[in-house]
Amino acid sequence: MLSHAAAGLKARDDRPWVSPHGELLRGDAFTPYAAETIADDALAAGRGAFLDIALPADTTDAEVEDVRARFAWLHGVVVHVARDDGTQRTVAA
């Protein structure tokens, strides 16, 4: 589980086919419940949904990798995990 990064998780679930502003925004501690809720939202959006997860800039590489691993199973959803400063941006889809 994340340490200091837990307080700063921000998730954006983008689904433009729902409405012009088809975003669902969440800011939460990275708990198992929050991860499950974010994953459920992304799956409900359907194939092609885009999930952008931003972590604090001082999040460690190990913490970034932990978050990526926890959402890598979301097939059909484009998942981006990055620090707020934009480094370490990858896609797991």
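Some observations on this one:
- Positions within segment 13-64 being surrounded by fewer than 16 Cβ atoms within 10 Å (Cβ to Cβ), at pLDDT below 80 and not in a loop (DSSP other than H, G, I, E, B), in sequence order: 23, 25, 26, 27
- Candidate set from segment 65-80 (those that are at pLDDT below 90 and in a loop (DSSP other than H, G, I, E, B)); member that is farthest from residue 30 (Cα to Cα): 76
- Only one of 28, 61 that is free of Cβ contacts under 8 Å to residues at least 40 places away in the same chain and more than 12 Å from residue 12 (Cα to Cα): 61
- Segment 65-85, subset touching a strand residue (DSSP E or B) at 6+ places or on another chain (Cβ under 6 Å) and of a type in the set (D, E, K, R), residue surrounded by the most Cβ atoms within 10 Å (Cβ to Cβ): 83
The values are calculated or read from the model by the stated rules, or taken from the named source; none is laboratory data. From a predicted model like this one, the values you see are computed outputs, not experimental measurements. FYI the Cβ positions are ideal-geometry reconstructions off the backbone, even for glycines, and counts take in every protein chain you see.
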